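First the structure, which I've put down as structure tokens, then a few questions once you've had a look.
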Amino acid sequence: MLFRSRICFQLTNGTRCLSNDAIRQGLIGMVGRTPLVRINKLSDETGCEILAKAEFCNGGGSVKDRAALYLIKDAQEKRLLRPGGTVVEGTAGNTGIGLAHMCLALGYKCVIYMPENQSQEKIDMLTTLGAIVRPVPVVAWDNPENYNHQASRFAESLDNAVWTNQFDNTANRKAHMETTGPEIWEETRGKVNAVVFGTGTGGTLAGVGTFLKEKNPKVQVFLADPQGSVLYNYIKHGKLERTEGSSITEGIGQGRVTKNLEGAPIDDALAIKDTDAVEMTFRLLHEEGFFVGASTGLNVAAAAQVAKIMGPGHTIVTCLCDTGQRYYAKLFSKSVLEEMGLLDCIPIPYRTSLH
Ligand SMILES: Cc1ncc(COP(=O)(O)O)c(C=O)c1O
């Protein structure tokens, strides 16, 4: 039996509820119920079952589709968004892509604010998906001109518009409490011992962790943090201090405790180096056949570390966030990796994937 039985959305021509039938109801029916896959070689190597939700199978191609759909559903339920309305978000990554897909499927306009240092590729992608993209100067969160605050003000200035606010709107966490968490519980038949996720908004980790701890308080919840983020030190020492360096990973790492992360039942944190995340990204490609981005490499490298900490015989779950295609220009470029000091961590036979 699936936990997520009836989730309803307003479409331009009425309300549609998702069901559990084999036939998915359009694009929004393709959010969630992703395959749970065993990472074979790594599982054999560690003696643990290393499992991952294949989140690139969501309709918009990433783990953020779940949050995007719930953020829109939340706005519908609060009557902030009526047919033909506008969804506004500040995002440079997967949330924007997810929202743009959902807006097309549900009949809304989509406006994305992003820092102007983002690649033309990202702007082009969102424009192709029907979004209006507004690149704005790169300034810190505490500056009123930060892209998130501009998104908020713009939504306020319009009638029938919402700033979805992925970082602090807990509808994001709820998506994972109501879908990802229950799916993992059901698909492992309750035999999950630990989960580990990189954290951007915190929605995935907090939502899955909260649900699974309610089912079984013994499930261990690990936060995997990239270089240059504050969360490792926050969990370990209670201090919002950045770890050294910056990271090639995108969509994860954080400078503050968001509302989505607040109160999450986290047992421990792991600081994952880019060298380990990138090596694992290329191992996943060449040894397991998965073409994924570096945040997935980080997740799976962290799962391997959890396997070492817990010892053989445990079931550890993470997710494959999105596909490597989204990062092709950077993550698969020999010169970029060389410049960042990340070429040497890739096993020589696997470097055939570089351009
Ligand atoms: C590629 C990728 N991985 C992981 C995450 C982290 O997910 P969350 O925001 O739920 O913490 C994101 C979030 O944007 C992402 O884009």
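I'd like to know how the chain sits against the 2.2 N^0.38 Å rule of thumb: what's its Cα Rg over that expected value?
The reported ratio for this selection is 0.95.
Explain nothing, just the number: relative contact order of the stretch 64-163, from Cα pairs under 8 Å at least 6 residues apart, as a whole percent.
31 percent
Are there trypsin sites (Lys or Arg not before Pro) in the stretch 208-238 that DSSP marks as loop and that have at most 12 other Cβ atoms within 10 Å, and which are they?
Lys218
Taking the Cα centre of the chain as the origin and placing charges on Cβ (Lys, Arg +1; Asp, Glu -1), which of Gly238, Leu261, Gln325 is farthest toward the positive end of the dipole?
Leu261
Here's another thing I want to ask about it. If you place +1 on the Cβ of every Lys and Arg and -1 on the Cβ of every Asp and Glu, how big does the dipole about the Cα centre of the stretch 9-159 come out, in debye to the nearest 20?
Charge dipole of the stretch 9-159: 520 debye, to the nearest 20.
Further, regarding this structure: With +1 on each Lys and Arg Cβ and -1 on each Asp and Glu Cβ, how big is the dipole of the stretch 118-235 about its Cα centre, in debye rounded to the nearest 20?
Value, rounded to 20: 460 debye.
Please give the net charge around Phe282, taking every other residue with its beta carbon less than 15 angstrom from that of Phe282, where Lys and Arg add +1 and Asp and Glu add -1.
Result for the local shell: -1.
Give Lys64/Lys174; Lys174/Lys213; Lys259/Lys330; Lys215/Lys239 a once-over and call out the pairs whose C-alpha atoms are over 23 Å from each other.
Correct reply: Lys259/Lys330; Lys215/Lys239.
Let me ask another. For Lys53, go through the aspartates and glutamates and keep the ones whose alpha-carbon is under 13 Å away, minus same-chain ones fewer than eight residues off.
Within the straight-line limit of under 13 Å, Lys53 reaches these aspartates and glutamates: Glu183, Glu186, Glu187, Asp322.
Taking Cα centroids, how far is the stretch 313-339 from the stretch 150-217 in Å?
One Cα centre to the other: 22 Å.
Can you give me the C-alpha center-to-center distance between the stretch 252-300 and the stretch 29-72, rounded to a whole angstrom?
Here the answer is 13 Å between Cα centres.
Something else about it: Putting +1 on Lys and Arg Cβ atoms and -1 on Asp and Glu Cβ atoms, find which of Val336, Leu205, Val136 reaches farthest to the positive end of the dipole of the chain.
Going by the charge dipole, the pick is Leu205.
Okay, next question. Taking θ as phi - 60°, what are the ³J(HN,Hα) couplings along the stretch 76-91 by the Karplus curve (6.51, -1.76, 1.60), each to the nearest whole Hz, with x for Gly and Pro?
Values per residue, Gly and Pro as x: 5, 5, 7, 6, 7, 10, 10, x, x, x, 10, 9, 10, 9, x, 6 Hz.
Sticking with this structure for a sec: Using amide H atoms built 1.01 Å from N in the peptide plane, name the residues 5+ places from Ala161, or on other chains, whose amide H lies under 5 Å from its own.
Thr86
Ratio of Rg to Rh for the stretch 140-260, alpha carbon only, Kirkwood?
With Rh from the inverse mean 1/r over Cα pairs, Rg/Rh is 1.03.
Tell me whether the stretch 64-163 comes out rounded, prolate or oblate; compute the Cα gyration tensor, take square roots of the eigenvalues as a ≥ b ≥ c, and use a/c under 1.5 as the rounded threshold.
Oblate is the answer for the stretch 64-163, as a/c is 1.5 or above yet b/c matches or exceeds a/b.
How about the stretch 168-241: which GluC sites (Glu not before Pro) there lie in a loop by DSSP and see at most 14 other Cβ atoms within 10 Å?
Of the GluC sites (Glu not before Pro), the ones in loops of the stretch 168-241 whose Cβ has at most 14 other Cβ atoms within 10 Å are Glu241.
Search the structure for amide H atoms under 5 Å from the amide H of Arg134, placed 1.01 Å from N in the peptide plane, and list their residues when 5 or more places away or on another chain.
HN-HN under 5 Å from Arg134: Ile112, Tyr113, Met114.
What Rg and what Dmax come out for the stretch 215-355 when only alpha-carbon atoms are used, in angstroms?
Radius of gyration, then largest Cα-Cα span, for the stretch 215-355: 15.5, 47 Å.
If you don't mind, there's one more thing I want to ask. Hey, what did the chain get for relative contact order, percent, Cα under 8 Å, at least 6 apart?
That works out to 17 percent.
Bear in mind that the values in this text are calculations on the coordinates, not laboratory data. All values derive from a computational prediction rather than experimental measurement. FYI the Cβ positions are ideal-geometry reconstructions off the backbone, even for glycines, and counts take in every protein chain you see.
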